[in-house]
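The values are calculated or read from the model by the stated rules, or taken from the named source; none is laboratory data. Computed from a prediction, not measured in an experiment: that's the story for all the values here. Ideal geometry is used to build each Cβ from the backbone, glycine not excepted, and the neighbour counts take in all protein chains shown.
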Amino acid sequence: MVTDASAPAATCQTVAESSPCFALRKASRAVTQLFDEALRPSRLHSTQFTLMVALRLTGAVGVSRLAEELVTDASTLSRNLAVLERRGLVAYSTANGDRRVRRVSLTVAGNAALARALPAWEEANNRLRATVTPPESADLLARLDVLTRAAVGARRSRR
């Protein structure tokens, strides 16, 4: 006997209309596509670009600390860093000669690649920001920061 295990349409409609996760994933895909297209000549994806920006700002840093900063898990981050390492854009080193403590940083080639990609990022960013007023853009970024901190806090409270 087969039973109908379909999700209720009304509940799915509620998710589509009121879920921050649903809306953010949709917006994230659209924004990622815009930036990936702009960055294509640099041979970087937006995920790689943001990693490289974070490394430029932090300098040599442990993978766990970088994962925390980027709100991602260490295994996903390690996979993304491996791609950059194979291209010679990031390198690992030990902290104070302690082999147990590995730090990652941009290489000279990584810094150069980031510098070459910045104009494409800036052009895409300007195109996107031109669709909203400066106060709307600032408000959106502030609200996203609040939502990020709230979600991180909610995850921690479940542990």
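Against the definition (closer than 21 Å to Gln48 by Cα and either in contact (Cβ under 8 Å) with a residue 24 or more places away in the chain or not β-branched (Val, Ile, Thr) (or both)), how does Leu140 come out, yes or no?
Spelling it out, it is not the case that Leu140 is closer than 21 Å to Gln48 by Cα and either in contact (Cβ under 8 Å) with a residue 24 or more places away in the chain or not β-branched (Val, Ile, Thr) (or both).
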Enumeration of residues in the stretch 31-62 that are under 18 Å from Ala91 (Cα atoms) and polar (S, T, N, Q): Thr47, Gln48, Thr50, Thr58
Boolean, Val90 is touching a Ser or Thr at 6+ places or on another chain (Cβ under 8 Å) and not charged (D, E, K, R): yes
Filtered residue count, the stretch 1-60, keeping only those that are of a type in the set (Phe, Trp, Tyr) and closer than 19 Å to Leu128 by Cα: 2
Unmet requirement for Ser137, which otherwise passes all of (1) under 22 Å from Ser28 (Cβ atoms); (2) of a type in the set (Ser, Thr, Tyr); (3) within 17 Å of the chain's Cα centre (by Cα): (3)
Candidates Arg65, Arg99, Arg87, Arg103 - the one that is of a type outside the set (A, V, I, L, M), touching a strand residue (DSSP E or B) at 6+ places or on another chain (Cβ under 6 Å) and either over 28 Å from Asp145 (Cα atoms) or at pLDDT below 95 (or both): Arg103
From Thr14, Thr3, Thr32, Thr50, residue being modelled with pLDDT under 95 and within 22 Å of Leu147 (Cβ to Cβ): Thr14
